[in-house]
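Every number here is computed from the coordinates shown, using simple stated rules; none is lab data. In this text the structure is predicted, and so the values were computed from the model without any measurement. In this analysis, Cβ positions are derived from the backbone assuming ideal geometry, glycine residues included, and neighbour counts consider all displayed protein chains.
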């Protein structure tokens, strides 16, 4: 078994509304199932629903891999219920904070006064915090290898490649491309992957007015995926102002350019066969 399921697909800020139903309004959170293991990429508001699912399924041990710690990728963390259960085990990992006090320090500040009324210490699960350098590779489990690479994003971010049984899924969100240049950190990481989840925040028309904000376009994602012989791509980290009607039109445009593109939607499950 190897699958990904989307619990939050938005960037910047959650946007629950009648106009964001088909694609979803929660921020970045993706579940990965590999063999008997289930773990998490990012802790945006989507992790609240995932936590309820993990409690129902009695998942006792999990890993949370953070791309970075901007609010939209960690603002659901205090609402991840399994972390408050002393009978569970949570390991939090990040690759961009070694020189800045570490991920434990950042999450402590997020949940400290006057930012939040419940401190990190209230999380009674056996919580471990691990800092690595983006670019490192490590076994998450004996049959799961994680490779990483630094991404071009303000304050740093980490791209992930999850490998299992000859298959690979890549999570490349919060990265800004430079027009006319190929980001070899990304192409090296995604080469031959079965699925790449890619930061598609802006349209080509929007991109020029958001240079320096740290995001990309589906057009660049398709270019990189085709260059790196990727099998499928999922558009991710949708701009909050892109409502369902906008996203439907964007999906049709992207599929017309490459029929192996899809739009990530909350609840979408993709099996890696």
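Have a look at the DSSP beta bridges in the chain and tell me what percent are antiparallel, nearest 5.
Roughly 50 percent of the beta bridges in the chain run antiparallel, per DSSP.
May I ask for the angle, rounded to the nearest 10°, between helix 244-257 and the longest principal axis of the chain, with both axes built from Cα atoms and the value confined to 0 to 90°?
Around 60 degrees separate the two axes.
Take every DSSP beta bridge whose two residues both sit in the range 114-273, then give the antiparallel share in percent to the nearest 5.
Beta bridges within the range 114-273, antiparallel portion: roughly 55 percent.
Indicate the gyration tensor shape class of the range 29-73 (rounded, prolate or oblate), computed on the Cα atoms with a ≥ b ≥ c the square roots of the eigenvalues: a/c under 1.5 is rounded; otherwise a/b larger than b/c is prolate and the rest oblate.
Oblate shape, in that a/c is at least 1.5 and b/c is the bigger or equal ratio.
Need the full-extension length gain, residue 85 to residue 191, defined as separation in residues times 0.36 nm minus the C-alpha distance. One decimal, nm.
Extra length from residue 85 to residue 191 when fully extended: 34.2 nm.
If I build a Gaussian network model for the chain, linking alpha-carbon pairs within less than 10 angstrom, which residue out of 34, 230, 106 has the largest mean-square fluctuation?
Between 34, 230, 106, it is 106 that shows the largest mean-square fluctuation.
Quickly estimate the mean residue ellipticity at 222 nm for the chain, helices only: each DSSP H run with n ≥ 4 gives -39500 (n - 2.57), and the total goes over all residues, rounded to 500.
The helix contribution divided over the chain gives -6000 deg cm²/dmol.
Pop a pseudo-label 7 angstrom from the Cα along the beta-carbon direction at both residue 165 and residue 13 and give the gap in nm to one decimal.
My value for the distance between the label points is 4.3 nm.
Can you give the direction-averaged projected area of the convex hull of the alpha-carbon atoms in the range 22-127, in nm²?
Projected area, direction-averaged: 7.2 nm².
Using a/c under 1.5 as the rounded threshold, could you call the range 76-159 rounded, prolate or oblate? The axes a ≥ b ≥ c are square roots of the C-alpha gyration tensor eigenvalues, and prolate needs a/b larger than b/c, oblate otherwise.
Note, shape of the range 76-159 comes out oblate.
For the pair residue 271/residue 245, report the inter-label distance in nm, with labels modelled 7 Å from Cα in the Cβ direction.
In this crude label model, residue 271 to residue 245 measures out at 3.7 nm.
What ranking of 239, 53 emerges when the number of other C-beta atoms within 10 Å of each C-beta is taken as an exposure proxy, fewest first?
So the residues, fewest neighbours to most, are 53, 239.
Hey, what angle do you get for helix 47-57 against the long axis of the chain, alpha-carbon based, 0 to 90 degrees rounded to 10?
60 degrees
Determine the relative contact order of the range 191-269: mean sequence separation of Cα pairs under 8 Å and six or more apart, normalised by residue count, in whole percent.
Here the relative contact order equals 34 percent.
Relative contact order of the range 2-271: what whole-number percent is it, with Cα pairs under 8 angstrom and at least 6 residues apart?
Dividing the mean separation by the residue count of the range 2-271 yields 18 percent.
Quickly rank 257-266, 158-167, 172-181 as a protection proxy: mean count of other C-beta atoms within 10 Å, highest first.
Final packing ranking: 158-167, 172-181, 257-266.
Contour minus end-to-end for residue 204 and residue 121, with contour as 0.36 nm per residue of separation and end-to-end as the Cα-Cα distance?
25.5 nm
Return the FRET efficiency for the residue pair residue 71, residue 182: r is the Cβ-Cβ distance, R0 is 25 Å, and the value is rounded to the nearest 0.05.
0.25
Return the Rg/Rh value of the range 2-271, two decimal places, where both radii are evaluated on C-alpha atoms and Rh is the Kirkwood radius.
Rg/Rh: 0.94.
Of 229, 26, 152, which is the most mobile in a GNM of the chain whose springs link Cα atoms less than 10 angstrom apart?
With Cα springs under 10 Å in the chain, the top fluctuation among 229, 26, 152 is at 229.
Which one of 69, 148, 182 has the biggest mean-square fluctuation once the chain is modelled by GNM with Cα springs under 10 Å?
Judging by the Gaussian network model, the answer is 182.
What's the extension gain from residue 61 to residue 137 if we count 0.36 nm per residue and subtract their Cα-Cα distance?
Net length gain for the segment: 25.3 nm.
Starting from the Cα coordinates of the range 110-200, work out the convex hull volume and express it per residue in Å³.
Taking only Cα atoms, the range 110-200 has a hull volume of 143 Å³ per residue.
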